[in-house]
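Engineer: Provided herewith is a single structure, encoded as structure tokens, for subsequent inquiry.
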Amino acid sequence: MATTTPTRRKERQPPPSPSWIVDRMHVPLDSLTAHVPIFPIPDNITAESLDPYRKEGPGGKLHNLGVYLNRSSQLKMAFEKAQLATGRKEPLAWLQNVATRWESDEAMFSRALLLQDAIKQMFHDLEGTWEQSCGNVADRPPVLNERLTSQEWKVVGIIQKILQPTTHLACIVSVGHLRGNSR
């Protein structure tokens, strides 16, 4: 009687490492960590240890810029003027991220990248106006603290590329849910 050998179960492969994701995006891994001196990587990553980066890093600056734009009609007009000055025929509204909608971060980053030239122009115009009026440090518009460096713009681009597939997946899942597919 012939004996059959039991089939060997396939071992589950670990998920790809973050460096694999970065390699697939053709982004050098060291470009993700160029900001390390400003925000050192903690030994134990917790919500509290990420607070400084979340509030003061590129995402926090873009969030704060959106808060300023929504609070000030003058700033909103300056933003629209900067968009027109950088070649946009119709100004686009700012997309503000919302803590309870995780895909809103990707939308805010995408819109910021799309309007990056206009954002830079707005900051340039605001700083020029402030310097011409008085240049007094006490009268400096607080929104100027939210200006992103070129390195921070690179980080925004990388984070947006990382978040983009999850947003696409969320759209697929929500369309399936609307059609009655529960899987």
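Engineer: Normalise the Cα radius of gyration of region 53-178 by 2.2 N^0.38 Å (N = residues in it) and let me know the number.
Structural biologist: The reported ratio for this selection is 1.15.
Engineer: Leu84 to Ser174: extension gain in nm, 0.36 nm per residue of separation minus the Cα-Cα distance?
Structural biologist: Gain in length upon complete extension: 28.9 nm.
Engineer: What three numbers, in Å, describe the spread of the alpha carbons of region 42-121 along their principal axes, ordered from the longest?
Structural biologist: Principal-axis extents of the Cα atoms in region 42-121, largest first: 47, 22, 21 Å.
Engineer: What is the fewest-to-most order of Ser150, Ser49 by other Cβ atoms lying within 10 Å of their Cβ?
Structural biologist: So the ranking, lowest neighbour count to highest, is Ser150, Ser49.
Engineer: Given region 53-178, what count of lysine pairs have C-alpha atoms under 15 Å apart, with each pair 8 or more places apart or on different chains?
Structural biologist: Details: Lys61/Lys120; Lys61/Lys154; Lys76/Lys120; Lys81/Lys89; Lys81/Lys120; Lys120/Lys154.
Lysine pairs meeting both conditions in region 53-178 amount to 6.
Here, each number is a calculation from the coordinates, and none is a lab measurement. These numbers come from a predicted model, not from an experiment. Ideal geometry is used to build each Cβ from the backbone, glycine not excepted, and the neighbour counts take in all protein chains shown.
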